1. Looking only at the range 1-17, which residues have a backbone nitrogen under 19 Å from a spot 7 Å from the Cα of Asn236 in the C-beta direction?
2. Which peptide among 14-24, 41-51 comes first, and what is the full order, when sorted by highest mean count of other Cβ atoms within 10 Å?
3. On a full-extension model of 0.36 nm per residue, what is the gain between Thr65 and Ala158, subtracting their alpha-carbon distance, rounded to one decimal in nm?
4. Neighbour counts of other C-beta atoms within 10 Å: give me Glu154, Glu170 arranged from fewest to most.
5. Apply the a/c threshold of 1.5 to the C-alpha gyration tensor of the range 4-94 and tell me whether it is rounded, prolate or oblate.
6. Taking a label point 7 Å from the Cα of Thr78 along the Cα→Cβ vector, which residues of the range 94-113 have an amide N closer than 19 Å to it?
7. With bins 5 Å wide starting at 0, give me the P(r) of the range 117-176 over every alpha carbon pair, in whole percents.
Amino acid sequence: MLKSMTGFGRAERSVGDKTFLVDIKSLNGKQFELSLKLPSVLKPFEFDIRKILSEKLLRGSVDCTVSLKDTGTAKPVTINTDLAKAYYKPLADLSAELKLDPSHILSTLVKLPEVITPSSETLSDADWADFKNVLHAAIEDLNNHRLDEGRSLEEDLANRINNISKQQNEVIKLEPLRKQKIREGITRLLEENVGKENYDGNRLEQELIYYIEKIDISEEQVRLKNHCDYFHSLMNEAEETKGKKLSFVLQEIGREINTTGSKAYDSTIQKFVVMMKDELEKAKEQVLNVL
């Protein structure tokens, strides 16, 4: 079963006297990349939260936002009086210079950065354990979305590889006819330009065998079939992260298709090669979303 890198998860629960809302969004990415936004109460646990997300989500561009919902309870604050005094003098001087009413200075002071700050507050060990349950619930929700997306990806990728195999079978059917056409074409050219009695038939046969072996595509077809079979078997493996492996196999499939096209010298086979390339490009686009 494939799992997509794309998904969304959400969980909301009360922890002690607080209510946490965890939103996690995941998009495709080469590695695990995390953008994490936390309320101040969770800052001491940032490393642990990052570790949990990394271990559970494995890969992708992840955006996680944890919100502390207002429960209506009063929150203690701290007034930085030294900073307020430092702000006050230049404000009072400026007010006098501009002949402004100084009675509004206090209301201005309390709005300045860091003058009033929430008191430092952290979670207890029991609350931290409860919050981890909220985080795991959001991760599970996201992973369920990833599985749903993965089913669609698996179906589409299987169809793409099956289509490549069908077109390859048509190429294999044409291969004997292609060799015969090449043989007949070269013989005809010699007869028209040199004359049938003016060339050595045995030597021609030797040269034809050498030439046809150089453009033989049977080995490419064997490898292409093996790569397609391996792609299907990889999708059925239990391993959770398979996107990179599948991408590597698609590269090998593309190599055999390209070599077939370069050796074909046959317009009908080239048409099937173009169709195989089209399916391959679509598969490459889809596999970028696989975990």
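1. Residues 1-3 fall inside that zone.
2. The packing order, highest mean first, is 14-24, 41-51.
3. That works out to 29.9 nm of additional length.
4. Glu170, Glu154
5. prolate
6. Within reach of a label on Thr78, which here means backbone N under 19 Å from a point 7 Å along Cα→Cβ, the range 94-113 contributes 110-113.
7. For the range 117-176, the pair-distance distribution reads 4, 14, 10, 9, 10, 8, 8, 7, 6, 6, 5, 4, 4, 3, 2, 1, 0.
Laboratory data are not the source of any read-out in this text; all were calculated from the coordinates shown. The shown structure was predicted, so the numbers you read here are calculated from the model rather than taken from an experiment. Glycine also receives a Cβ, built like all others from the backbone with ideal geometry; neighbour counts cover every protein chain displayed.
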